[in-house]
Amino acid sequence: MNRLIALSRRAVLGVAIAGLAAASAAPAKAQDALEQLKEKGSVRVAIGNEPPYTELKSDGSVSGAAPDVARAVFKKLGIDNLEPVVSEYGAMIPGLQAGRFDAVTAGLFMKPQRCNAVAYSEPVLCDAEAFLVKEGNPKNLTTFKSIAESEDATIGAPGGGTEERLALEAGVPRGRVIVVPDTQSGLTMLQQGRIDVYSLPVLSINSLAKKAGGGVEVVAPVEDSPIACDGAAFAKDQTALRDAFDEGLAELKESGEFAKLVEPYGFSAAAAMKTSREKLCAAAE
């Protein structure tokens, strides 16, 4: 009997020790993330391939305002290489949570619901929404509400993105909100008359309009849409890595290097420096 009691006690002790180990595993993982990336020498970042936010070039290299800032910050942290992973916006947070990449640097604007799902850095890029329409704007679409009030106007937007949400919230029927996988598809669909308006942030729409070479025009900013800011996004349990990124980002902002990185793309460094993660994540939905 005594032997059975002793074995039972050992079993209980073993379970308790295992439980403590499991409880400490997540914090340890978060603390070790930066060291693991340093040892690897590279970081996997999700991008949307949406200039001027992000752009994957034919040689496999990545540029754009968001990756340029991320590259400069990670170099400060001892990580020299960015490994781009092209992703639709709707798949970025699930992919981050599943460990398919280490961070999102793609113009993923901060919203309260997203702030609950990921660990954002301080603001990096700020922008407003815009429409790309056919030249002359035949249906006079200037706001998300005007699309909703139209009898048949359709809008193209990235799946899971801010523009899709704004259209639905304005009352555009689900059947008239068309998910578009990438910018070239959006431009083609507009030119072919498959959608009446394509919505993206101002800078992305301006870049696309230049690529079109005529036949389209830009409506910007869209009056019934908010000005938004993104930040680098990390898994929720990677706050230590996020905090290290924030320190490097703050150094870039203070030195003036941040402005040199983002302003050639048309972004305002001052806009990003006037707000904060706390304010953006607490904003009303």
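The values are calculated or read from the model by the stated rules, or taken from the named source; none is laboratory data. Note that the structure is predicted; figures quoted are calculated from it, not measured. Neighbour counts run over all protein chains shown; Cβ positions are idealised from the backbone, glycine included.
If I go through the stretch 232-278 residue by residue, how many of them are among the basic types (K, R) and within 17 Å of the chain's Cα centre (by Cα)?
3
Which one of these does P67 not meet: (1) over 13 Å from the mean Cα position of the chain (by Cα); (2) surrounded by 16 or more Cβ atoms within 10 Å (Cβ to Cβ)?
(1)
Go through the stretch 85-100 and give me each residue that's surrounded by fewer than 22 Cβ atoms within 10 Å (Cβ to Cβ) and either part of a helix (DSSP H, G or I) or among the aromatic types (F, W, Y) (or both).
Residues satisfying the conditions are G90, A91, I93, P94, G95, Q97.
Restricting the search to the stretch 27-64, which residues are among the acidic types (D, E) and either exposed (fewer than 15 other Cβ atoms within 10 Å of the Cβ) or over 19 Å from M110 (Cβ atoms) (or both)?
Of everything in the stretch 27-64, those that are among the acidic types (D, E) and either exposed (fewer than 15 other Cβ atoms within 10 Å of the Cβ) or over 19 Å from M110 (Cβ atoms) (or both) turn out to be D32, E35, E39, E55, D59.
Taking the options K253, K279, name whichever one is free of Cβ contacts under 8 Å to residues at least 60 places away in the same chain and out of contact with any helix residue (DSSP H, G or I) (no Cβ under 7 Å at 6 or more places or on another chain).
Result: K279 is the single residue among K253, K279 that is free of Cβ contacts under 8 Å to residues at least 60 places away in the same chain and out of contact with any helix residue (DSSP H, G or I) (no Cβ under 7 Å at 6 or more places or on another chain).
With the requirement that a residue be assigned to a loop (DSSP other than H, G, I, E, B) and more than 16 Å from C126 (Cα to Cα), what does the stretch 49-84 give you?
Of everything in the stretch 49-84, those that are assigned to a loop (DSSP other than H, G, I, E, B) and more than 16 Å from C126 (Cα to Cα) turn out to be N49, K57, S58, D59, G60, S61, L77, G78, I79, D80.
Within the stretch 160-184, which residues are small (G, A, S) and exposed (fewer than 15 other Cβ atoms within 10 Å of the Cβ)?
Within the stretch 160-184, G171, G175 qualify.
From the residues in the stretch 105-162 that are touching a Pro at 6+ places or on another chain (Cβ under 7 Å) and of a type in the set (A, V, I, L, M, F, W, C), which one is farthest from R194 (Cα to Cα)?
Going through the qualifying residues, I end up with A128.
Under the condition of being in contact with an Asp or Glu (Cβ under 7 Å, 6 or more places away or on another chain) and not in a helix (DSSP H, G or I), which residue from the stretch 228-266 is surrounded by the fewest Cβ atoms within 10 Å (Cβ to Cβ)?
A228
What residue, of L208, L200, L190, L252, is of a type outside the set (G, A, S), modelled with pLDDT of 90 or more and assigned by TED's automatic domain parsing to the domain that holds K76?
After applying the criteria, what remains is L252.
Tally time: how many residues in the stretch 104-153 are of a type in the set (G, A, S) and more than 15 Å from G171 (Cβ to Cβ)?
The qualifying residues number 8.
Which one of these does P94 not meet: (1) over 13 Å from the mean Cα position of the chain (by Cα); (2) free of Cβ contacts under 8 Å to residues at least 12 places away in the same chain; (3) under 21 Å from G161 (Cα atoms)?
(1)
Of the conditions (1) closer than 22 Å to V202 by Cβ; (2) among the aliphatic types (A, V, I, L, M); (3) modelled with pLDDT of 95 or more, L56 clears all except one; give me its number.
Evaluating L56 over (1) closer than 22 Å to V202 by Cβ; (2) among the aliphatic types (A, V, I, L, M); (3) modelled with pLDDT of 95 or more leaves (3) as the failure.
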